[in-house]
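J.: Have a look at this one before I ask anything.
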Amino acid sequence: MQAQLIANDIACRRGDRLLFKGLTLACEAGDAVHVAGANGVGKSSLLRILAGLLRPFAGKVETSGAIGLVDERLALDPNQPLGKALGFWEQLDSVDQPGRVYGLLQIEALLDVPVRFLSTGQKKRAALARLLNSSSPIWLLDEPLNGLDTEAQRTVETLVAEHCEGGGIAVVASHQQISLPGNRTVSIGYFS
Amino acid sequence: MRVFLSLLRRDLGLLMPGGSGGSGVLPLLFFLAVAMLYPFAVGPDAALLARTGGGVIWVAALLAAILPLERLVTGDLEAGVFDQLHVRGVSEELVMVVRLIAHWLAFAPLLLVATLPAAALLGLSGETTGTVLLGLLAGTPGLAAVGLAVGALTASLRGGAALAGLMVIPLAVPILIFGAGALSRPDSSGILLTAAISLALCALAPLAAAAALKAARES
């Protein structure tokens, strides 16, 4: 089954404010989209709508394929060592060999460190490791470059490129420059 | 089934005494402290203690069941664990059923064990102690269920923990009435009614808690 993500004419309202409306996005296998826009225009909300975590105020989202989400919330138990905290999700995702990904994102040395002691960038690496291990075809990345050093930022770009080459979809919300295959950008502005 | 077991193992690891996310043995110590303080407060009248001790144990158990509620749902909600489970297609209802089981296992068996020293401190007869134990066995699943539903409802609120305590008390009154009421009846009808209330609450609470999680996501 080919991965697919179609958002048709969606609008998003948070509280009393209409963040954006009339946003249409169609992604086939291999597509990458950069969602750009100033702080607070609704990039994260858009990703949560695409992930099915938030109901769109109007419009419809259709996806086929499992979704992998990386947002600002880590979902790893802060008091557990990183390896154990990641282990729960690996068990859930039926991952056989989680180790390869650890090497790729350079978190092998951190597996014994409790999650609460990790730096922002290290936490982001851990979240990306979980995403890679889940092998979901649709990636929704909310500010994946935050806190990462230059080298790790390049790694993320490479990972996204490889993911799309393998028939995956990536929607990346970021206020930073990120080079994605295809250079497709959707800008959200107020009432876009 | 694999998902169920993974979730259960994680929840037990968090909530059991010695786990990283629960309140450890604190509810237990609180429960014993109440049983210990009561004779100091009312005096060493053995007959009075034996007559009222069962009810005191029930009240102590109810209050001890409130203590673990603060972190029962809040931590995972803030950390985004439920979101990550949702995108993996794990239903909130299943997550809450597992949380209910883990929550009960984390506080009730220890509470039942602690009932024995508490009963000894209050000078309860063997027969009364047996009735209290059976009643608590029947009633604690209901207390856990009420606690879970209220914990999930108040998880996204500021000062939710204090509110949770207040909300649990009226909802737990039926369990208390029949559970403690069994002490003054010759037959076991009170315990059976307590068990019936517990069953109904255990069936409803995960649904209510799951609805609360979904509502918290939209807010």
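The values are calculated or read from the model by the stated rules, or taken from the named source; none is laboratory data. Because the structure is a prediction, the values reported are computed rather than measured. In this analysis, Cβ positions are derived from the backbone assuming ideal geometry, glycine residues included, and neighbour counts consider all displayed protein chains. Please note that ligands, DNA and RNA were not included when accessible areas were found on the heavy atoms of the full protein model with its side chains. Shrake-Rupley method; radii C 1.70, N 1.55, O 1.52, S 1.80 Å.
J.: What is the distance in Å between the Cα centroid of segment B:1-31 and that of segment A:124-165?
T.: What the calculation gives is 32 Å, centre to centre.
J.: Can you compute the charge dipole magnitude of chain A about its Cα centre, using +1 on each Lys and Arg Cβ and -1 on each Asp and Glu Cβ, nothing else charged? Give it in debye, rounded to the nearest 20.
T.: 700 debye
J.: Given just the C-alpha atoms of segment A:1-158, how large is their convex hull per residue in cubic angstrom?
T.: Expressed per residue, the convex hull around the Cα atoms of segment A:1-158 is 127 Å³.
J.: Using protein chains only and a probe of 1.4 angstrom, how many square angstrom of residue A:154 are accessible, to the nearest 10?
T.: 110 Å²
J.: Let me ask another. Ignoring ligands, DNA and RNA, what percent of the 1.4 Å accessible area of segment A:103-151 is carbon and sulfur?
T.: 50 percent
J.: Can you give the Rg and Dmax of segment A:77-191 based on its C-alpha atoms, in angstrom?
T.: My reading of the Cα-based Rg and Dmax gives 14.7, 47 Å.
J.: With the radius of gyration and the Kirkwood radius both derived from the Cα set of segment B:76-219, what is their ratio Rg to Rh?
T.: Dividing the radius of gyration by the Kirkwood radius yields 1.05.
J.: Would you calculate, for the protein assembly as shown, the mean residue ellipticity at 222 nm contributed by helices, counting each DSSP H stretch of 4 or more residues as -39,500 (n - 2.57) and dividing by all residues, to the nearest 500?
T.: -19000 deg cm²/dmol
J.: Separate question: Considering the options A:94, A:76, A:63, tell which one lies farthest towards the positive end of the dipole of segment A:54-109, charges being +1 on Lys and Arg and -1 on Asp and Glu at the Cβ, about the Cα centre.
T.: Value computed over the given set: A:63.
J.: Determine the total buried accessible area between chain A and chain B, counting protein heavy atoms only with a 1.4 Å probe; round to the nearest 100 Å².
T.: Chains A and B together bury approximately 2100 Å².
J.: For segment A:83-126, what D do you get in µm² per second when you plug the Kirkwood radius from alpha-carbon pairs into Stokes-Einstein at 4 °C and 1.567 mPa s?
T.: Translational D for this selection: 120 µm²/s.
J.: Could I ask something else about it? For chain A, take the longest principal axis of its alpha carbons; what is the angle in degrees between that and the long axis of helix A:82-92, to the nearest 10 within 0 to 90?
T.: The angle comes out near 60 degrees.
J.: Report, in degrees rounded to the nearest 10, the 0 to 90 angle that the Cα long axis of helix B:189-218 makes with the longest principal axis of chain B.
T.: Taking Cα atoms only, the helix is inclined about 30 degrees.
J.: Could you grab the Rg to Rh ratio for segment B:153-219? Cα atoms only, Kirkwood for Rh.
T.: Taking Rh as the inverse mean 1/r over Cα pairs, Rg/Rh reads 1.13.
J.: Could you look at chain B and say what percent of its accessible area is carbon and sulfur, using a 1.4 Å probe and all protein chains?
T.: Carbon-and-sulfur percentage of accessible area, whole number: 73.
J.: Once you list every other residue whose beta carbon is under 13 Å from the beta carbon of residue A:155, what net charge do they have if Lys and Arg are +1 and Asp and Glu are -1?
T.: That works out to -1.
J.: At q = 0.10, 0.11, 0.13, 0.14 Å⁻¹, what log₁₀ I(q)/I(0) does the protein assembly as shown have when each alpha carbon counts as one equal point scatterer in the Debye sum?
T.: So the normalised log intensities are -0.74, -0.84, -1.05, -1.16.
J.: Would you mind getting me the FRET efficiency between residue A:158 and residue A:117? Use the beta-carbon distance for r and R0 = 35 Å, nearest 0.05.
T.: Taking R0 as 35 Å, the efficiency between residue A:158 and residue A:117 is 0.80.
J.: Output the 0 to 90 degree angle, nearest 10, between the alpha-carbon long axis of helix A:120-134 and the longest principal axis computed from the alpha carbons of chain A.
T.: Here the helix axis deviates by roughly 80 degrees.
J.: Across the residues of B:77-90, average count of Cβ atoms on other protein chains within 10 Å?
T.: The mean count of partner-chain Cβ atoms within 10 Å per residue comes to 6.
J.: Going through the cross-link list A:43/B:214; A:60/A:84; A:21/A:123, which pairs have a Cα-Cα distance over 26 Å in this structure?
T.: From the list (A:43/B:214; A:60/A:84; A:21/A:123), the Cα-Cα distance tops 26 Å for A:60/A:84; A:21/A:123.
J.: Identify, among B:216, B:165, B:3, the residue whose Cα sits farthest towards the positive end of the charge dipole of segment B:2-218, taking +1 on the Cβ of Lys and Arg and -1 on the Cβ of Asp and Glu, with the dipole about the Cα centre.
T.: B:3
J.: Leaving out ligands and nucleic acids, note down the accessible area per residue over the protein assembly as shown with a 1.4 angstrom probe, in whole Å².
T.: Heavy-atom accessible area per residue stands at 44 Å².
J.: Kirkwood Rh over alpha-carbon pairs of segment B:1-135, then Stokes-Einstein at 20 °C and 1.002 mPa s: what D in µm² s⁻¹, rounded to an integer?
T.: Estimated diffusion coefficient is 131 µm²/s.
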